[in-house]
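Beneath this line is the structure, given in structure tokens, with notes to follow.
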Amino acid sequence: MKRWDLIVIGTGLAGLTAARTAIEMGAKVLIIGRGMGSVTLFGNTIDVLGCIPPETDMEEGITRWIATNPHHPYARTGWAGIAESLSAFRGLFPPPYTFDTVGSGNSLVPTGAGTLRPTYLLPVTMTAGAGISEADTLIVGLKGFKDFQSDTVSLHLQCRGVNLSLPRYGLEGLTAIALARLMDEEPFRERLGEAIRHQMAGEKRIGLPAILGFRAPADVLKTLETVTGARVFEIPMLPPSIPGLRIFHRYREILIAKGATFLMGNPVTAAELKDGRCAGITVHNPPLSTVYRAESYVLATGRFLGGGLWADMERIAEPLFHLPIFQPESRGLWFRERFFQPEAHPIHRAGIVTDEYLRPVDAEGEVILKNVRAAGSILAHHQAIEEHSREGIDIATGDLAARRSLAS
Amino acid sequence: MTHTDEIPTPPRNLPDVCVRCATCMAVCPVSRVTPRFPGPKQAGPGAQRFRSASEASVDDWIELCTACRLCDTVCPTGVPISELNLMAKAKYLDERGRTFRDWLLVRSDLFGEWASRFSRIVNPLMKNRTIRWLLDKVLEIDRRRALPEYETPTFREWFSTRPAASEAAGRPRIAYFHGCFTNTNEVDVGKASVALLEAHGFSVIIPPQRCCGIPRLGVGDLRGAREMGLRNLSLLLPTVREGTDIVFSSTSCGLMLRHEYGPLLNLPGAEELAKRLFDICELLLRLREEGKQAVQFRPLPMRAAYFAPCHMKSLNIGLPALELLRCVPGLDIRLIEAECCGLGGLYGFKKEKYAITEEIGRDLAKEVARIDPEVILTDCEGCRMQIRQLTRRKVLHPVQLLRFSIDTHDKGERPLVRRQ
Ligand code: SF4
Ligand code: SF4
């Protein structure tokens with residue numbers, strides 16, 4: 001029976017990054033997701049630590065953050081680990097569709113709700129949205145496309161908004177995916193650009209919903225900018241995220257091209273444990289259960305939505321390896337009294353506690369399974385939502401988990 | 001804060017498990033090209049909440065789901081979306097009644113052998129413009145769709161009349177499920193499969209078999225599909241009970257036999273069959289990885305492109321054909337980055353759906369043009385048919401190319417048409 005060097009469980013950004021690091025190191029890799037993973041849900045841009053002020057240099061900010069949060073996942077990777085893994089991520093996207101920072105720290109980009117959100121790495125299709133000013137920006141929506149309301153966005157951003165109709169294309173009722181696919185066609189986006197140009201009143205930037213194509217988003221951007229004579233940026237919307245899909249497709253493409261085996265659509269239902277190690281895992285595709293074996297395993301199954309953690313009436317549990325979960329003592333303590341408040345709810349810090357090599361440990365700090373490492377949001381002691389650190393944690397710990405797995 | 005290791009029970013796969021994350025919308029090939037179909041989120045778990053057995057179906061768009069099952073492979077919570085669609089489609093068509101066209105198309109297995117015998121008459125007729133016009137007008141089988149040609153003799157006839165080199169003493173036996181299309185329309189796929197299996201040291205047997213029944217699922221005919229399944233199980237179980245594995249070369253037949261007979265159709269013995277049933281490339285790759293075979297591939301210096309059929313993604317065994325093809329020296333093999341060919345089996349023959357299948361296929365055709373391969377390889381006959389029509393290029397099953405990479409006397413169909 002085939003033995004892999006590394007089995008990665010989870011196809012979110014943490015799992016994808018772990019698999020990619022391992023395959024670049026020459027390992028035989030199997031990656032398994034029960035679904036497509038969270039990249040299409042949240043992955044529009046790469047947040048690293050959005051809660052620190054925009055003017056702060058990221059290296060400086062992270063270093064201070066680690067000093068005051070010694071249990072945070074970033075304390076395992078350090079700034080060096082973060083910087084290195086982010087640079088490897090950026091290496092996946094050669095010009096013209098690149099991911100870059102604006103300045104040396106966070107920048108604020110508009111969202112589909114009309115708010116501004118801090119983030120770190122932006123695809124080139126979003127950079128013009130960083131630091132917009134009311135007067136010079138026009139927000140463009142499409143008639144009949146309900147996922148993006150240009151009036152809501154423009155109202156909040158206090159700039160002008162318009163809704164275009166392109167009746168010839170029968171756009172009514174098309175999904176974001178269908179629109180993005182049309183954008184890949186040059187005549188279509190040229191026409192859209194023309195229609196936008198007729199609506200402009202001296203604006204220098206145009207904000208569109210994030211539908212600037214799949215295959216060559218930078219080309220879509222270029223056409224629109226040439227036709228309108230303005231800078232164009234896309235604004236993230238509700239899932240499925242098209243910028244996130246671009247990230248997923250790129251990872252999958254590189255992983256398969258380099259020989260990884262990619263399984264998707266069935267859950268890992270059991271793990272075989274022997275002598276303090278994982279000896280194999282079972283994937284269940286009814287009516288068949290198949291066992292896969294590797295030297296090491298990376299658990300990157302995410303939190304509640306991804307299925308990495310389960311909560312019943314009283315407890316939070318990790319269903320596969322039955323790892324202990326750092327969590328509030330009772331359900332009554334999961335949430336603070338007011339639901340919406342700046343401080344995180346205690347439940348958001350729940351997760352798996354590990355040693356410095358990302359191996360899960362018990363209450364006494366003893367390693368539970370020598371060849372299993374945890375990565376991504378399943379880790380304890382972070383509040384990715386409030387910190388705006390989701391993608392940074394995924395990328396940095398996914399990369400570290402793979403390195404540690406192959407080093408041992 | 002404390003630690004715990006108690007385990008709650010997993011959620012059941014009900015539509016209520018849908019968290020409305022819309023991941024399925026990212027992959028549905030139909031809602032990607034037309035607003036007439038609302039997409040898996042709405043068609044499956046969304047509408048299911050309002051469906052009841054006692055009330056008439058209202059969603060006529062349910063017929064537009066091609067049953068590609070891509071949505072199932074990406075859902076993070078395991079909603080059986082395509083199965084919900086299938087059930088809704090079955091109910092809708094039960095109420096509305098099926099057309100003569102549907103009745104006829106799903107029985108192609110019955111007239112296939114006959115058409116093969118008279119292929120010299122049937123094939124020209126199928127290309128005849130008047131007949132195509134009639135088929136289009138009367139049966140609504142789109143005249144733009146190239147109909148597959150029939151071949152004489154059939155694969156079974158060829159196999160039964162060839163010299164019995166196969167039953168060499170001491171060789172492990174392997175059974176081959178060829179499926180209808182290989183038998184009557186693409187005999188060379190069967191010949192190549194036999195050649196490859198024999199080159200790997202097997203003695204090949206061809207058990208009696210019927211159509212797997214997946215075309216009947218396509219028109220929501222669950223009872224018909226069950227009947228086909230029961231017949232196949234009674235024909236195939238004796239083979240697996242004597243300890244012989246079965247391989248298939250047709251992805252969709254394999255998916256039906258392996259994963260629909262049991263979980264969907266609930267047929268007795270389905271699991272027993274599934275455990276001994278393998279995709280042909282899956283089996284050959286496993287032998288290679290276990291070091292159990294000494295077959296050396298000869299160099300084939302050429303550029304090829306591989307397309308992963310939707311149902312291969314549902315089988316969820318990775319891309320064994322691609323991995324095998326990578327073992328051929330000199331072969332420059334690329335993966336076609338497209339989700340779906342668009343044909344959807346018999347779906348793509350129907351006049352009212354032809355435009356949708358063509359539009360879905362355009363993305364694939366563009367990728368092929370970008371790669372500009374000398375040959376395109378894909379495991380599913382539906383995909384091969386569609387890609388031939390979309391690109392006018394040579395399209396083969398991976399085993400047809402691999403056969404040229406081993407030493408064999410059977411030269412079969414040439415994989416190469418060098419374009420100068
Ligand atoms: S992917 Fe699954 S959970 Fe998400 S909307 Fe579709 S059916 Fe619902
Ligand atoms: S089975 Fe295919 S066509 Fe049908 S809803 Fe799912 S993805 Fe769409």
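The values are calculated or read from the model by the stated rules, or taken from the named source; none is laboratory data. Since the structure is predicted, the reported quantities are computational estimates derived from the model, not experimental observations. Cβ sites come from the backbone with ideal geometry, for glycine too, and all protein chains shown count toward neighbours. Calculation scope for accessible area: heavy atoms of the full protein, side chains included, ligands and nucleic acids excluded. Shrake-Rupley method; radii C 1.70, N 1.55, O 1.52, S 1.80 Å.
Could you list the residues of segment A:1-19 with an amide nitrogen less than 19 Å from a label point located 7 Å from the Cα of residue A:277 in the Cα-to-C-beta direction? Those under the cut-off are A:1-9. Computed from backbone phi with θ = phi - 60° and the Karplus coefficients 6.51, -1.76 and 1.60, the 3J(HN,Hα) list for segment B:273-285 is 5, 4, 5, 10, 10, 9, 5, 4, 6, 4, 5, 5, 5 Hz; x is used for glycine and proline. The residues B:327, A:159, sorted by heavy-atom accessible surface at 1.4 Å with ligands and nucleic acids left out, run B:327, A:159 from largest to smallest.
Averaging the Cα positions of each part gives two centres, and for segment A:230-266 and segment A:114-151 these lie 20 Å apart. Please report the antiparallel percentage of DSSP beta bridges with both residues in the protein assembly as shown, rounded to the nearest 5. Approximately 35 percent, going by the DSSP bridge assignments.
Amide hydrogen proximity for residue A:355: with H placed 1.01 Å from N in the peptide plane, the residues at 5 or more positions away or on another chain lying under 5 Å are A:361. When the C-alpha to C-alpha distance is required to be over 21 Å, the pairs from B:353/B:394; B:313/B:394; B:275/B:313; A:28/A:258; B:89/B:350; B:41/B:89 that qualify are B:353/B:394; B:313/B:394. Largest mean-square fluctuation among B:389, B:400, B:296, in a Gaussian network model of chain B whose springs join Cα atoms under 10 Å apart, belongs to B:296.
Taking the DSSP bridge list for chain B and keeping only pairs wholly inside it, about 5 percent are antiparallel. Fully extending the segment from residue B:370 to residue B:266 would add 33.0 nm, taking 0.36 nm per residue of separation and subtracting the current Cα-Cα distance. In chain B, helical runs assigned H by DSSP with n ≥ 4 each contribute -39500 (n - 2.57); averaged across all residues and rounded to the nearest 500, the mean residue ellipticity at 222 nm is -11500 deg cm²/dmol. With a 1.4 Å probe and every protein chain left in place, tell me how much accessible area residue A:313 has, in Å² to the nearest 10. Residue A:313 exposes around 130 Å² with every protein chain in place. Between the helical axis of A:242-257 and the longest alpha-carbon principal axis of chain A there is an angle of about 50 degrees. Applying both filters, DSSP loop and at most 12 other Cβ atoms within 10 Å, to the GluC sites (Glu not before Pro) of segment B:54-131 gives B:55. In terms of the Cα gyration tensor, with a ≥ b ≥ c the square roots of its eigenvalues, is segment B:100-139 rounded because a/c is under 1.5, prolate because a/b exceeds b/c, or oblate? Judged from the Cα gyration tensor, segment B:100-139 comes out oblate (a/c at least 1.5, b/c at or above a/b). Pop out the carbon and sulfur fraction of the accessible area of chain B as a percent, whole number, probe 1.4 Å. Whole-percent figure for carbon plus sulfur exposure: 54.
Backbone N atoms of segment B:291-325 closer than 13 Å to the 7 Å Cα→Cβ label point of residue A:2 belong to residues B:291, B:316-325. Taking amide hydrogens as placed 1.01 Å from N in the peptide plane, the amide H of residue A:27 sits under 5 Å from that of no residue at least 5 positions away in sequence or on another chain.
When B:298, A:64, B:392 are compared by accessible area of protein heavy atoms, the largest-first order is B:392, A:64, B:298, using a 1.4 Å probe. Qualifying GluC sites (Glu not before Pro) in segment B:283-330, where qualification requires a DSSP coil assignment and no more than 10 other C-beta atoms within 10 Å, comprise B:290. Taking amide hydrogens as placed 1.01 Å from N in the peptide plane, the amide H of residue B:333 sits under 5 Å from those of B:304, each at least 5 positions away in sequence or on another chain. Think of a 1.4 Å ball rolled over the protein heavy atoms: segment B:14-96 then has 38 Å² of accessible area per residue. With viscosity 1.002 mPa s and temperature 20 °C, the Kirkwood radius over alpha carbon pairs of segment B:193-285 converts through Stokes-Einstein to a diffusion coefficient of 158 µm²/s.
Heavy-atom accessible surface of segment B:155-286, averaged per residue, reaches 34 Å², computed with a 1.4 Å probe. Chain B against chain A buries an accessible area of about 4700 Å², both chains summed, 1.4 Å probe radius.
A viscosity of 1.002 mPa s and a temperature of 20 °C, combined with the Kirkwood radius over Cα pairs in Stokes-Einstein, give a translational diffusion coefficient for the protein assembly as shown of 76 µm²/s. Nearest 10 degrees, 0 to 90: what angle lies between the long axis of helix A:13-24 and the longest principal axis of chain A (Cα atoms)? Result, in degrees: 70.
Computed from label points 7 Å out along Cα-Cβ, the spacing between residue A:304 and residue A:104 is 4.0 nm.
Karplus-derived 3J(HN,Hα) values for segment B:340-357, using 6.51 cos²θ - 1.76 cosθ + 1.60 with θ = phi - 60°, are 8, 7, x, 5, x, x, 5, 3, x, 8, 8, 4, 6, 10, 4, 4, 5, 5 Hz; glycine and proline are entered as x. Helical content of chain A, expressed as a calculated mean residue ellipticity at 222 nm, amounts to -9500 deg cm²/dmol (DSSP H runs of 4 or more residues, -39,500 (n - 2.57) each, divided by residue number, nearest 500). Once you divide the Cα radius of gyration of segment B:14-96 by 2.2 N^0.38 Å, the number left is 1.00.
Each principal axis of the Cα cloud of chain B was taken in turn, and the coordinate range along them, longest first, works out to 73, 61, 46 Å.
For a modelled paramagnetic label at residue B:20, 7 Å from Cα along Cα-to-Cβ, the residues of segment B:34-57 in reach, with backbone nitrogen under 13 Å, are B:41-42, B:45-47, B:49.
Residue-normalised convex hull volume from the C-alpha trace of segment B:253-405: 111 Å³ per residue. When B:334, A:390, B:132, B:143 are compared by accessible area of protein heavy atoms, the largest-first order is B:143, B:334, A:390, B:132, using a 1.4 Å probe. How far apart, in nm, are two points set 7 Å out from the Cα along the Cα-to-Cβ line at residue B:144 and at residue B:296? It is 5.0 nm. On a per residue basis, chain A carries 38 Å² of accessible surface, using protein heavy atoms and a 1.4 Å probe.
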